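This report refers to the structure that appears directly beneath it.
Quick note: the coordinates plus some simple rules give every number you see, no bench work behind them. Just so it is clear, the structure is predicted and the values come from calculations on it, not from any experiment. Cβ placement follows ideal geometry from the backbone for every residue including glycine, while neighbour counts extend to all protein chains displayed.
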Amino acid sequence: MESPQTGQVSTSDLYLMPALDEAILKSPRASAIRSLLPIAKSGYLQATVMPNPSFIYLQNFKADQVKEVGASIPVEPPWKLAFRLLAAKRQITQTDLEIVQNLWTLRADVRRAYLDLIIAQEMSALETELAGIFRQFLDAAQEKYKSGAVPQIEVEKARLATQQAEIEVERQAQRVILARQHLNIIMGRSVDAPLAVPRLHTVIAQSEQSKLLPDFAHDVRPLSEFIAEAMEYRPQLKVIQQTIKTNGANLTTAFGNIAPNPVLTFGHLTANDIGPTNGITKGYWAGVNVDIPVFDVQQGNVARLRATIKQLKCELEAQKNIATDQVAASYRRLLIARQVTRAYQERVLATSKTVVQMTKESYQYGRSDITAALVAAQLNIQTQTQYLTAVSEYQQALTDLEQAVGKPLE
């Protein structure tokens with residue numbers, strides 16, 4: 001069943017790593033990505049294609065009435081087949097790396113969708129908590145009004161704040177449903193499939209904290225280490241490096257194709273003799289036809305592939321520059337979000353709750369008015385919202401840093 005307040009469902013909680021695994025295995029997006037590999041592997045069959053032989057039949061109906069029956073067989077040098085197989089192998093490796101790159105991007109999308117659901121769930125809980133506090137203030141204001149301790153305006157202020165909070169509760173509940181549907185879809189489940197994720201306080205108490213929240217027991221490694229890892233593991237760099245190798249293999253194939261394919265022809269000949277004595281002459285014939293590489297020496301393919309390789313080398317350096325920039329930016333955002341999250345966990349959240357509790361007691365005993373009480377409650381929720389924003393920014397920075405580096409950082 002679905003809660004009208006939080007949009008939660010009564011099912012076992014789904015943690016981050018199982019969600020990532022399920023998406024990679026069952027998502028139709030992942031299936032579409034993996035289906036690229038059989039297409040690349042078909043290149044092996046294409047590489048083994050040899051020139052077809054030809055059948056020759058010649059009939060002269062006049063004069064000597066020559067009839068020839070034979071065959072024409074192209075003979076391809078063996079290195080051409082070897083070069084094509086090498087190029088096909090390079091292309092398969094390139095496709096495999098492209099699949100890894102696309103799956104890596106899908107992993108980041110799933111992680112962001114999971115975090116969106118976590119944050120939406122927490123925001124819904126905060127709005128529900130705020131609405132509950134305002135109802136308590138409304139009840140207290142009504143009791144005081146009945147006893148003549150406060151004017152009616154205080155009751156109306158509390159009622160207005162409660163009504164506004166209830167509207168936000170419904171809005172946040174719909175956002176939870178939206179976030180759950182998005183995660184279901186990207187994981188390959190049905191839109192309305194039961195799905196629940198743990199509350200943030202549960203995550204903090206378990207080993208999953210290292211996957212969603214900063215681990216303050218360990219310092220963040222230096223930036224230089226992340227940059228070095230990006231140069232080694234980043235999928236975009238691997239794809240470009242392999243593309244250079246693939247084009248190099250194609251260039252070798254182009255050079256190999258300069259050599260012509262000799263064509264062997266042979267057959268049987270039958271002819272009527274024209275002369276003093278008529279008769280039939282039979283015999284065999286054979287020949288060789290070889291193209292001379294004068295005008296076509298693969299100059300177009302060679303020039304194109306050389307220019308492509310040069311451009312790819314420039315692109316590789318550009319991607320290294322982009323990777324360094326993305327790693328540095330994500331790293332700095334990670335440190336900022338980590339520092340803010342720690343401050344909220346260690347100081348701000350506890351202080352905010354203390355202020356709310358003191359305000360409740362102060363209003364109950366008549367030492368403050370309803371306006372101060374409502375402002376304090378709203379400030380507490382605002383503080384917790386800012387904490388959730390810091391958690392979200394930390395996760396976004398961590399996800400971006402993982403994407404920039406090209407490997408999990410847990």
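Counting only Cα atoms, the stretch 245-404 measures 143, 32, 22 Å along its principal axes, largest extent leading. If R0 is 45 Å, the Cβ-Cβ spacing of ARG347 and ALA318 corresponds to a FRET efficiency of close to 0.55. All other residues with a Cβ under 11 Å from the Cβ of VAL155 taken together, and with Lys, Arg as +1 and Asp, Glu as -1, what is their net charge? The answer is 0.
Among residues other than ARG34 with Cβ under 13 Å from its Cβ, the summed charge is +1 (Lys and Arg +1, Asp and Glu -1).
Normalised by the residues of the chain, what does the relative contact order come to in percent, with Cα pairs under 8 Å and at least six apart? It comes to 24 percent, rounded to a whole number. Each Lys or Arg adds one and each Asp or Glu takes one away; over the other residues whose Cβ falls under 11 Å from the Cβ of ALA108, this sums to 0.
Dipole orientation for the chain: of the candidates SER190, ILE309, ALA217, ILE309 has the Cα lying most toward the positive pole (charges on Cβ; Lys, Arg +1; Asp, Glu -1).
One equal scatterer on each Cα of the chain, no solvent, Debye formula: the resulting log10 I(q)/I(0) at q = 0.11 Å⁻¹ is -0.96.
Over 29 Å between Cα atoms, which of LYS41/LYS407; LYS26/LYS238; LYS80/LYS245; LYS26/LYS320 qualify?
Details: LYS41/LYS407 26 Å; LYS26/LYS238 26 Å; LYS80/LYS245 18 Å; LYS26/LYS320 33 Å.
Among LYS41/LYS407; LYS26/LYS238; LYS80/LYS245; LYS26/LYS320, the Cα-Cα distance tops 29 Å for LYS26/LYS320.
For LYS146, the lysines whose Cα comes closer than 20 Å to its Cα, not counting residues fewer than 8 places off in the same chain, are LYS157, LYS360. For the stretch 235-334, with equal point scatterers placed on the C-alpha atoms only and solvent neglected, what are the log10 I(q)/I(0) values from the Debye formula at q = 0.10, 0.23 1/Å, to two decimals? Each listed q corresponds, in turn, to -0.57, -1.12.
Which of THR385, THR243 has the fewest other C-beta atoms within 10 Å, and how do the rest follow up to the most? Before the final figure, lay out the partial values.
Details: THR385 16, THR243 20.
Starting with the residue having the fewest Cβ neighbours, the order is THR385, THR243.
Note on the chain: GNM, Cα springs under 10 Å; of ALA271, ALA140, ALA254, the largest mean-square fluctuation is that of ALA271.
Enumerate by residue number the trypsin sites (Lys or Arg not before Pro) in the stretch 30-105 meeting two conditions: DSSP loop (anything except H, G, I, E, B), and at most 14 other Cβ atoms within 10 Å of the site's Cβ.
Numbers: sites: ARG34, LYS41, LYS62, LYS67, LYS80, ARG84, LYS89, ARG90; in loops: LYS62.
Filter output for the stretch 30-105: LYS62.
Based on DSSP loop calls and a cut-off of at most 15 other Cβ atoms within 10 Å, the longest stretch of the chain free of exposed chymotrypsin sites (Phe, Trp or Tyr not before Pro) is what? My reading of the result: 62-215 is the longest stretch. Of the trypsin sites (Lys or Arg not before Pro) found in the stretch 312-403, the ones in coil according to DSSP and having at most 13 other Cβ atoms within 10 Å of their Cβ are ARG367.
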